[in-house]
Amino acid sequence: MNPVEILLAGAVVLLAVLVFGALVFGIKLLRTLSSPAPAGVPTGEPALATRTATAPAAPSVDQSTMDTLRLAADEAVATADEARAAAAAARTEAAAAKAEAKAAREEARRILAEARSESDVILDKAHKQAEQDAAQARASARKAGEREIAQLTTAAKEQAQDADRRQHRLDERERLLTAEAERLAERDRRISAAETDLAAREAAYAERDQALAEAEEVRRRELERIAGLTADTARSELVESIETQAKREAALLVRDIENDARSTAETRARHIVVDAIQRVASEQTAESVVSVLHLPSDEMKGRIIGREGRNIRAFESVTGVNLIIDDTPEAVLLSCFDPVRREIGRLTLEKLVLDGRIHPHRIEEVFDQARHEVERLCLRSAEDALVEVGITDLHPELVTLLGRLRYRTSYGQNVLKHLVETAHIAGIMAAELHVDPTLIKRCAFLHDIGKALTHEVEGSHALIGADLARKFGEHEDVVHAIEAHHNEVPPQTIEAVLTQASDACSGGRPGARRESLEAYVKRLERIEEIAGTKGGVDKVFAMQAGREIRVMVRPDDVDDIGAAVLARDVAKQIEEELTYPGQIRVTVVRESRVTEIAR
């Protein structure tokens, strides 16, 4: 039995038990109501009263009880009917369930039969497919085997052919070696015969050489007897005469080469220098150590001085610049040997005058602003100069120092502009000489970098600049060119020589530098005095603004060698005693005149 049938059977049994219980309970109740009173019941007055009281109601009680029993019986019958109906329904459902189960079992059997038939079909197909695959695999394997057999056969044939070729080459090489061995044997026989012949010839030659040596000795003795000289003496005289002639010819050749080189070099150098100067167009100098600031009115002078001079004292103390206020209308002078400090002071005073508020605290504030502004201007000037020259990879500290040269002058020539001009001239010279101009322009551009620190560090600006360049990682050729451009160190490279030349060209061009009239006159007088104090000097002329001096000597007192010595002594003394831009040429003129009268 399945669980549904068991459940339905349980429900039917439970309903039957309930119906049976209800019938038993109804029967017991009827028996209780219809039974007489017990014998031991008291018969006193209360009992009599009770029976008396209940006697008239007995028929009604029995009737109600019967009704109740009938209702209960009806309910029991209804319940039993329901139970029988439920049992019937349960049996019907159980029958339906059995039918469904039977149908399910039939369906399962059918499905199983279909599955078995399908599995048989699939197995048949699988067997057939497996047989086909096996047949294809066997065919593929057969074909692969045939291909491999063909390849192996081909490879075997090729190897056999290769072995045949190698054997053929070996046979040919063996034949060649045999022939070569025969040739070598024949050659050895010929060499042996030649050696025998050569030995005989050497013996004959040795006898002939001995005979010639004896004849030569006899001839030499005869010549010595006839000439009266030994062979060593004659050889020495011949060598000496040839050496003297060779030296004379070499001296003439050297002189011609030197003269040609000197004339060619002078012409070439003059052409290069003139071309470089012509191609560089620079402005003339207009710098000074004194700055003039124009005022809107003379009343501003009193405000600049301040009460009891406190403003002018504060200005000079903060800026380090001397402020000169005189009778010049609407102008004051600022004097300072430090050009950067002078420019900061000028800019400070200009801002104070424009602002109108002039007192010590304001002077300090404006001074800081002016100092920062001058530093920016210096840096911008240095960067512009670097761009103009074409240098990009320069240390920032060197750029700052170059900017300070914007306000530095040398004989009135602006040093930063002088560096740019020198770099251009050096680059042109290097291009004319077919030398790389990049390094030479860098050397020329940095050669006066030491002037930015000359007043702060002791020593020559050339050596200071070389130390700075070496400190900030410049090339050793650049360092050498900087330290050698004023001959503190002898120049050893072409960069140093071209730096000197370009520096001289920039400083010596007309209008590049200037000096006061008094110093100029004193320098000319001292040049003439130095040359005039020498012995044998007749006249002295300073020419070309002091760049050349011509010394006329008396020919009876000074000869040609003395004239050369006199020129060198005058040039050396001028170098030691005077300071001048560029160079000074010393020319000694010695003129000899011989006059005869024909009568």
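The values are calculated or read from the model by the stated rules, or taken from the named source; none is laboratory data. Please read all numbers here as calculations on a predicted model, not as lab measurements. A quick note on method: Cβ atoms are made from the backbone with ideal geometry, for glycine too, and the neighbour counts reach across all protein chains shown. Keep in mind that these areas ignore ligands, DNA and RNA; they rest on the heavy atoms of the full protein, side chains included. Shrake-Rupley method; radii C 1.70, N 1.55, O 1.52, S 1.80 Å.
Shown is the FRET efficiency for Glu488 and Thr579, computed with R0 = 22 Å from the Cβ-Cβ distance and rounded to the nearest 0.05: 0.90.
Counting 0.36 nm for each residue step from Asp559 to Ala155 and taking away their Cα separation leaves a gain of 134.8 nm.
Over all distinct Cα-Cα pairs of segment 109-206, the Kirkwood formula returns a hydrodynamic radius of 21.9 Å.
Taking packing as the residue-averaged number of other Cβ atoms within 10 angstrom, the listed peptides 500-507, 20-27 run from highest to lowest as 500-507, 20-27.
The Rg/Rh ratio of segment 168-267, with Rg taken over Cα atoms and Rh as the Kirkwood radius over Cα pairs, comes to 1.47. A protection proxy built from the mean count of other Cβ atoms within 10 Å ranks the segments 345-358, 182-195, most packed first, as 345-358, 182-195. Candidates Leu184, Ile6, Ala469 compared by Cα position along the dipole of the chain: farthest toward the positive end lies Ile6, with charges placed on Cβ.
Of all DSSP beta bridges confined to the chain, the antiparallel ones make up roughly 75%. Dipole magnitude for the chain: computed about the Cα centre from +1 point charges on Lys and Arg Cβ and -1 point charges on Asp and Glu Cβ, it is near 2300 debye. Extents of segment 160-225, largest first, come to 91, 19, 6 Å (Cα atoms, principal axes, whole angstrom). Quick one: pull the percentage of alpha-carbon pairs in segment 544-584 with a separation above 13 Å. Of all Cα-Cα distances in segment 544-584, 58 percent exceed 13 Å.
Computed on segment 530-599, the Cα convex hull volume stands at 96 Å³ per residue. Here the label points at Thr264 and Ala86, each 7 Å from Cα along the C-beta direction, are separated by 14.5 nm in the simple model.
Using R0 = 51 Å, the C-beta based FRET efficiency linking Ser64 and Ala96 works out to 0.65. Computed from Cα atoms alone, the Kirkwood hydrodynamic radius reported for the chain is 42.1 Å. Positive-end ranking of Pro339, Leu416, Ile304 along the dipole of segment 290-418, with charges on Cβ about the Cα centre, is headed by Ile304. For a Förster distance of 22 Å, can you work out the FRET efficiency between the beta-carbons of Leu71 and Leu14, rounded to the nearest 0.05? For R0 = 22 Å, the calculated efficiency reads 0.45.
Helical runs (DSSP H, four residues minimum) scored at -39500 (n - 2.57) apiece and divided by the length of the chain put the mean residue ellipticity at 222 nm at -25500 deg cm²/dmol. For the chain, the solvent-accessible area of protein heavy atoms averages 67 Å² per residue (probe radius 1.4 Å; ligands and nucleic acids excluded). Counting only whole DSSP H helices of the chain, the ones at least 20 Å long by C-alpha along their axis and with mean Kyte-Doolittle hydropathy no lower than 1.6 are 3-34. Among the listed pairs Lys522/Lys572; Lys451/Lys471; Lys417/Lys522; Lys539/Lys572; Lys534/Lys572; Lys301/Lys351, a Cα-Cα separation exceeding 21 Å is found for Lys417/Lys522. Taking label points 7 Å from Cα along the Cα-to-Cβ direction, His168 and Ala130 give a separation of 5.7 nm. The order of Leu29, Leu295 by accessible area, most exposed first and with a 1.4 Å probe, is Leu29, Leu295.
Highest average first, the peptides 528-537, 164-173 ordered by how many other beta carbon atoms sit within 10 Å of their residues are 528-537, 164-173. Modelled this way, with points 7 Å down the Cα-to-C-beta line, the labels at Ala141 and Ile324 are 12.2 nm from one another. Per residue, the convex hull around the alpha carbon atoms of segment 343-464 comes to 127 Å³. On the protein heavy atoms, probe 1.4 angstrom, tell me the percent of accessible surface of the chain carried by carbon and sulfur. Answer for the chain: carbon and sulfur cover 56 percent of the accessible area.
Computed over segment 398-481, the quotient of the alpha carbon radius of gyration and 2.2 N^0.38 Å is 1.07.
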